[in-house]
Each structure stands twice: as C-alpha cells, then as structure tokens.
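Each remark here refers to the structure printed beneath this line.
What follows is calculated from the coordinates using simple rules that are stated; it is not laboratory data. Keep in mind that this is a model prediction, so the values were computed, not measured. Note that each Cβ is placed from the backbone with ideal geometry, even for glycine, and that neighbours are counted across all protein chains shown.
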Amino acid sequence: MKVARAHPLWLAYLLHRLSGLGLALFLPLHFWVLSMAVTDAARLDAVLTLTELPLVKAAEFGLVFLLAVHLFGGLRLIALEWLPWSAPQKTWAAAAVAGSFLVSTTFLLQAI
Amino acid sequence: MPERDHLTVTVQRGGPDAPLRPQTFEVPAYDNQTVLDVVSWIQQNADPTLTYRFACRVGMCGSCAMMVNGVPRWTCRTHVSKVLDGNAIEVGPLRNLPVIKDLAADMDPFFDKWVAAEGMHHPTRTRDDAIEAIDPVAMERQEANAGIECINCSVCYSACDTVAGNPDYLGPAALQRAWTLYNDAKDADRDAILDAVSGKGGCHSCHSMGSCTAYCPNELDPLSAIAGLKRATAKRFFGGRK
C-alpha cells in the first residue's frame, strides 16, 4: 500500500533535507573555485567569466533559493525544538517574522 | 455525494504463514458506516477467515488501528465517507509492525518500547503515606495533562518514517509517555527517564517530520513532547537541573 505522508510538516522536512543535500554538493565546488585565488589567479578569472553564461546565472538563482529555504528551514527547526511555546504563539511569531521580512525587503528593493 | 450501493474494498491478506496478497470485496454501502463496520461486514458475510482486531468500537481502547488508503487510522471512528477514494477503500495492517495475519499487527515491539522508554511509574510515596496534593494549574501539570489521553493505538508509531528507517527508535508514543511522566510531580525518578530516552534510538533520533502529530486520532502532540525531551536531556547534559 502506498503510504500517504504529504502533510505540511513532512514536506517542510523534505525541503530542508533536499536543500541541505544540494548545498552540500555545491560547497566542494565553491571551495575549489575559491582556492584558485591563492593557487592560480588567471584560472580563477577564466572560471569567473563562466558566471556570465545564462545557464550559470539561472543556477545561481537556484543556489540562492536553496540557501534561503535551508536558512528558514533551520530557523523553523530551532524554534520547533528549542522554544517551549504553544502552537498559536509559534504561528504568531512566524507571521511577525514573515511580515517584517516583507516590509524590510520592500524597503531594500526601493533603496536599490 | 453520488448515490452508491456498493463499495470496492481491497484488504491486504496473509502474514508469516501465508503469502501477502490483496483481496477485493464488494461491500454494501450505507449512509453511516465506519471502516471497522466494513471490515466486520466482510468477516461476517464474505470471508469468516479474515483476521482483524477490535474491542470497544468507540475510540477508547486503541485496538482497531489499521492503514486506510495509506494513512494509519482508528477504524472504529473513521467514517467511510471521509476516506473514500472514488468508490474504493484500501485497508491493510499497521505499518512498522510485524503482521500476525491479515489486518492484525503484532503490537509487542510497540509495547516493549514503552517499557524501554521508562514509560512506567516511579512512586514518590508508599501506600501508608497521605496522597500528594497536585496543583492542577501548574505548568508541569499542564504539560503532563497534554499527553495522558493516549490510547496506545500505535497510529503515530505506524505513521513515523523514523521508526521505518531505524528499528531501534523508541517511537512517538513511548517518548510522549516518558515526557508525561517526566512532568508528573508524583514521579520520583526523572533521571532514569532521561537516561532511557537519551541513548541510541532515543528522542534525539527524531527528525521532526511531524507525522505523529498530524495523524494522532486523539489530536495529541507527540512532536512537541519529543521536543520537550530534547530540551530536558540537553539541559541536563550541560549541567542544568530541572
């Protein structure tokens, strides 16, 4: 029998795991490219020109998405496990964080 | 809702002594009908060899839990109309437990883990002492009260993917029981509880997937109870006392 498990908490768990896995796969590549700044600056510049490619630009969007998802997923887990708050308290706290994030990001975008 | 006079019910048959196989039955449909009614109809009218378990039929005893369309549920209080997939239902034995036969799962591992999690009373007084007065509004008592309506149905244990992947994991029900006793003013051995739940397969194995809380038929919250144990064991590790 196929097991049904697509409730929000389980999906949040899955998203956190997959984004963490994606970031873990990216990090060795990231450090390898960074290390070229010390070992071979000309090669680093050559690699950095690749970031102008549309495909790489799209991948960078994916990377920022993974980072954001994993960051907020981690904060969610810390709050879930370490704060002995009631469910409504956590809902209000999450709504407050989301609201302030929305307002501050709007200001930031206008500043840019 | 469209009129229908029959339901198509697929039941998982078999166990250690017979091969596992699905068997399909046509069962008369009624306006008010629980999944347990459907299983009982099959056993009484179609195949008397069908094995399943129930006792109270009113959501008190925790005997009749089964997998229904992939979700662990208390079948005596699950209305067919709420879980119908088209005109069909699929019923199987609880997940994460050995099957005895057909729909009857072997609950021994589940109850063994209650004991392993120190889910037992450690008395503070003898029968010769006066009964201890309990403050019903104390924070600790509120925490303990949150988990005492558990009926040991094993729905959370079957819903948990951590149990599925880690046979040593004590599971949501046993850990919630440990947290309830940890907060009980009448329990004398909190260290024994924390020792039992902080080892291999203890509360720190939980990945906070939340299926226990999502599917508990009594709307209890084992996820938060396990989080409480995580905090209590961590606090003790760093030298803090309750």
- Task: Would you pull out the residues with amide H under 5 Å of B:LEU20's amide H, same chain only if 5 or more places away, H placed 1.01 Å from N?
- Result: B:GLY15
- Note on the structure: Sorting A:PHE61, A:TRP32, A:PRO8 by the position of each Cα along the dipole of segment A:8-82 (Lys, Arg +1; Asp, Glu -1; all at Cβ), the one nearest the positive end of that ordering is A:PRO8
- Note on the structure: Amide H proximity to B:THR34 below 5 Å, modelled H, separation 5+ or other chain, gives B:VAL80
- Relative contact order of segment B:6-105, pairs being alpha-carbon contacts under 8 Å that are 6 or more residues apart, as %: 34 percent
- Message: Please report Rg (one decimal) and Dmax (integer) in Å for the Cα set of segment B:30-98.
- Response: 11.5, 34
- Whole-Å distance, taken between Cα centres, linking segment B:82-142 and segment A:32-71: 52 Å
- Max mean-square fluctuation residue, GNM over chain A, Cα-Cα springs under 10 Å, options A:LEU102, A:LEU50, A:LEU77: A:LEU102
- Query: Tilt of helix A:54-82 relative to the longest C-alpha principal axis of chain A, in degrees (0 to 90, nearest 10)?
  - Reply: 40 degrees
- Measuring from its Cα centre, chain B shows a charge dipole (+1 at each Lys and Arg Cβ, -1 at each Asp and Glu Cβ) which, in debye to the nearest 20, is 520 debye
- Hey, can you grab everything whose amide H is under 5 Å from the amide H of B:ALA65? Only 5+ residues off in sequence or another chain; H modelled, so Pro and N-termini drop out. B:THR75
- Task: Please pull out the direction-averaged projected area of chain B, using the convex hull of its alpha-carbon atoms, in nm² to one decimal place.
- Result: 15.8 nm²
- Query: For segment B:35-45, in order, what is each residue's ³J(HN,Hα) by Karplus, 6.51 cos²θ - 1.76 cosθ + 1.60 with θ = phi - 60°, in whole Hz (x at glycine and Pro)?
  - Reply: 5, 5, 4, 5, 5, 5, 4, 4, 5, 7, 10
- Message: Taking beta carbons within 10 Å but only from partner chains, what does the mean come to for residues A:3-15?
- Response: 5
- Query: Across 10 Å bins from the origin, how do the percents of Cα pairs in the protein assembly as shown run, short distances first?
  - Reply: 5, 19, 23, 21, 17, 10, 4, 1, 0
- Message: Mean-square fluctuation check for chain B, GNM, Cα pairs under 10 Å: which of B:MET66, B:MET107, B:MET209 is largest?
- Response: B:MET209
- GNM on chain A, C-alpha springs below 10 Å: top fluctuator among A:LEU18, A:LEU83, A:LEU66? A:LEU83
- Message: Defining a contact as two alpha carbons under 8 Å apart and six or more residues distant in sequence, what relative contact order in percent does chain B show?
- Response: 17 percent
